[in-house]
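Data first, discussion second: the structure below is written as structure tokens.
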Amino acid sequence: MSELVAAAATAAAVAALVLSALVLAATRRPSAVLLDLLLVAGLLRLTSGTSWTALGAVVLVVLVRRLARAGIVAASRSRQPPAPAPA
Amino acid sequence: MTGTWATAGESTAGTTTEDLLHTVVDAFVQVVEAAGAVIIFVGALVAVVGFARALPQRDPDAFVPVRLSLGRFLALGLEFQLASDVLRTAVAPSYEELGKLAAVAAIRTALNFFLAREIAEERRILDEKAEREETGGSGSAGGAASPGPRGSSPA
């Protein structure tokens with residue numbers, strides 16, 4: 001089963017890279033698509049046998065993901081125009 | 001001599017029961033963990049198709065429902081995997097394995113928590129957008145050029 005899960009995780013990581021590049025090209029804006037699908041890959045890898053190194057890597061990926069998402073949210077909020085003042 | 005025989009017999013019976021427990025729990029763990037992995041993978045497939053469909057619209061907001069759906073799949077898959085962690089604690093034989101189990105369960109619980117927050121946030125964004133469109137549609141006869149009373153969407 002672990003080979004199957006590893007193959008699925010690799011497929012998810014490749015899909016993450018390809019789709020995020022396409023989304024960036026289409027919308028010209030950073031998107032969380034890459035982070036979402038990389039999280040899928042990480043969760044699938046966590047399914048098969050785990051070593052302390054693999055666990056540390058997953059923790060690192062989750063932390064980086066949180067940080068990047070916070071950055072994307074802050075960037076998209078700063079791009080929003082302020083609401084017009086009531087007349 | 002009789003005592004020795006009795007002790008050996010009890011020990012053998014105990015070992016057999018423990019082996020049986022290990023086998024049964026291991027089988028359950030495999031099934032539940034595989035179910036979690038399948039749910040996560042199906043969610044990823046659905047999301048990839050959804051992202052590919054939303055791509056021609058060139059609208060970042062079009063990806064929000066897809067991400068919401070993926071988040072729901074991930075949360076469900078994580079619940080299954082947490083269930084398998086709980087099952088595994090029944091037969092974790094060493095401190096090393098218990099430590100790894102605790103780390104994996106902590107990671108999955110934290111991820112589940114953050115996913116729930118992100119899903120709530122994405123849902124709020126969708127609701128706000130729907131409300132904006134509703135207000136803009138009923139409030140202005142001019143059509144798409146009017147941003148509506150709460151300002152325009154970032155898209």
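Per residue and in cubic angstrom, what volume does the convex hull of the Cα atoms of segment A:2-79 have?
Values: hull volume 5.1 nm³, N = 78.
Expressed per residue, the convex hull around the Cα atoms of segment A:2-79 is 66 Å³.
Using unit Cβ charges (K, R positive; D, E negative) and no other charged atoms, how large, in debye to the nearest 20, is the dipole of segment B:18-136 about its Cα centre?
For segment B:18-136, the charge dipole is close to 340 debye.
List A:Val64, B:Val25 from most exposed to least, where exposure is judged by having the fewest other Cβ atoms within 10 Å. Walk me through the numbers on the way to the answer.
On the way: A:Val64 12, B:Val25 17.
Final ranking by Cβ density, sparse to dense: A:Val64, B:Val25.
Under a no-solvent Debye model with one identical scatterer per Cα of segment B:36-115, what's log10 I(q)/I(0) at q = 0.19, 0.22, 0.23 Å⁻¹?
Scattering profile of segment B:36-115, log10 relative to I(0): -0.81, -0.95, -0.99.
What is the mean number of Cβ atoms from other protein chains located within 10 Å of the Cβ atom of each residue in peptide A:52-61, rounded to a whole number?
Counting other chains' Cβ atoms within 10 Å and averaging over A:52-61 gives 2.
How would you rank B:Asp61, A:Asp36, going from fewest to most other Cβ atoms within 10 Å of each one's own Cβ?
Least to most surrounded, the residues fall as B:Asp61, A:Asp36.
For a quick check: sort B:Lys129, B:Lys100 by the number of other beta carbons within 10 angstrom, fewest at the front.
B:Lys129, B:Lys100
For the pair B:Arg123/B:Ala103, report the inter-label distance in nm, with labels modelled 7 Å from Cα in the Cβ direction.
Result for the modelled spin labels: 3.4 nm.
Bear in mind these aren't lab numbers, they're just calculated from the coordinates by the rules spelled out. What you are looking at is a predicted structure, and each value in this text was computed from that prediction instead of being measured. Quick reminder, even Gly has a Cβ in these numbers, built from the backbone with ideal geometry, and neighbours come from all protein chains shown.
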